[in-house]
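Contents: one structure, followed by commentary.
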Amino acid sequence: MTRKVVTRAPHREVGIVNAGWLLDHPVQHESHLERRFIIAALSCQVVCDIQHQPFTLQLSEAGATKKYTPDFLITFRDSTSLVVEVKPQAYLKRHEVRLRAAEQMLQSQGQRFFVATDTLIDGKDLSARAMLLMRYGRMHCTDVQVQETLSALRRAGHNGVSVQQLIKQGLPEDMVWSLVARHLCHVPSDFLVDPTQAITITPYTGDCHDYFQSWFGVAQR
C-alpha cells in the first residue's frame, strides 16, 4: 500500500494510524490525543472499523446554523455504530453547547454519541497498554502458529488460559499477543501485557456499545 500523505494547517499535529492487521485503510488523526484514542479503540475486541471525520452536521446554536464535523465513526462487530468526539477534559465546558446540540441531533437520527476525553483515553494507562498491544499486532504470524494457539485456547474452555501456560506449551509469547491485537483471542479491559494475563477465545456477545464504553472506564447506563 502506498503511504498516504496527510496535510492540514501547520498548527495541527496530523498523521495516520496504519493497522493493517485489522483495517483495510489508514485512519487519520489531527492531534496526539486523537491518535491515542484510535489505538485504544482498536484494542477493543468489538471494534471492526474506524472512520475519521465521517460527515458534517448543520447545528442550530443561538439562532444561527453552524457546521459540526465529529472526529470519528466507530463500527462494531454487530454492525451498530457510534459517533465519537475526542476532546481534552479541560475543553468540555467551552464546547458544551455544541456537543449537546450534536448529541441531540444524532439521537433524533437513531445514532449514539460518545465524548472521549484524555481522562478516559489515558485512564488506567489504557492508551499505553493499547500502544504496546499494537506493536505486537504488526508482527507476522504463520497459519500454523495461529491454529496452534487457537486450538490451545479451545481446549482451555470458556475460562481461558494464561499467556504463561501457552508459553509452557511451546507457543511464542509475542505471537500470542499478536492474536490478541488481531481480535482472534480476547482479554478484559484491565488487561496487562504480562505472562500472567488470562486470555480466552470466547468473544463478547452483549451490547457492543456498552462494552466499548466500559473499555474506556465508563459505567453502563
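What does the extension gain come out to for L132 and Q109, with contour length at 0.36 nm per residue minus their alpha carbon separation?
Between L132 and Q109, full extension yields 4.6 nm more.
Computed FRET efficiency, Cβ-Cβ of L22 and T56, R0 30 Å: what is it to the nearest 0.05?
Computed FRET efficiency for L22 and T56: 0.70.
Semi-axes, largest first, in whole Å: what does sqrt of 5 times each Cα gyration tensor eigenvalue give for the chain?
In descending order, the three semi-axes are 35, 19, 15 Å.
With everything on Cα atoms, drop me the angle between helix 96-108 and the longest principal axis of the chain, reported from 0 to 90° to the nearest 10.
Between the helix axis and the principal axis of the chain, the angle is about 70 degrees.
Please give the contour-minus-distance gain from Q89 to T202: 0.36 nm per residue of separation, less the Cα-Cα distance, rounded to one decimal in nm.
Gain on stretching Q89 to T202: 37.2 nm.
Taking the Cα centre of region 130-221 as the origin, how large is its charge dipole in debye, to the nearest 20, when only Lys and Arg (+1) and Asp and Glu (-1) carry charge on their Cβ atoms?
Dipole about the Cα centre, nearest 20: 80 debye.
Could you rank R36, R100, R129 by how accessible they are, 1.4 Å probe, largest area first?
Solvent-accessible surface, decreasing: R100, R36, R129.
Per DSSP H run of at least 4 residues, take -39500 (n - 2.57); add these up for the chain, divide by its residues and hand me the 222 nm value, nearest 500 deg cm²/dmol.
-10000 deg cm²/dmol
Excluding residues fewer than 8 places away in the same chain, name every one of the lysines whose C-alpha is closer than 30 Å to that of K124.
K87, K93, K168
Please name which of H186, A116, L132 has its Cα lying farthest along the dipole of region 92-221 towards the positive end, using unit charges on Cβ (Lys, Arg +1; Asp, Glu -1) and the Cα centre as origin.
Checked the options; the winner is A116.
How large, in percent, is the carbon and sulfur part of the accessible surface of the chain at a probe radius of 1.4 Å?
On the chain, the fraction of accessible area on carbon and sulfur atoms equals 49 percent.
What's the local net charge at A116, with K and R +1, D and E -1, over the other residues with C-beta under 10 Å away?
With Lys, Arg at +1 and Asp, Glu at -1, the neighbours total -2.
So, with +1 on the Cβ of K and R and -1 on the Cβ of D and E, and no other charges, what is the size of the charge dipole of the chain about its Cα centre, to the nearest 20 debye?
Around 400 debye, computed over the chain.
Over the chain, give the accessible area per residue in Å² for a 1.4 Å probe, as an integer.
Using a 1.4 Å probe on heavy atoms only, each residue of the chain averages 53 Å².
Could you state the per residue volume, in Å³, of the convex hull enclosing the Cα atoms of region 140-182?
68
Nearest 0.05, what FRET efficiency do Q164 and E96 give at R0 = 35 Å with Cβ-Cβ as r?
0.15
The values are calculated or read from the model by the stated rules, or taken from the named source; none is laboratory data. None of the values given here were measured: they were computed from a predicted structure. A quick note on method: Cβ atoms are made from the backbone with ideal geometry, for glycine too, and the neighbour counts reach across all protein chains shown. Surface accessibility is based on the protein's heavy atoms, side chains included, excluding ligands, DNA and RNA. Shrake-Rupley method; radii C 1.70, N 1.55, O 1.52, S 1.80 Å.
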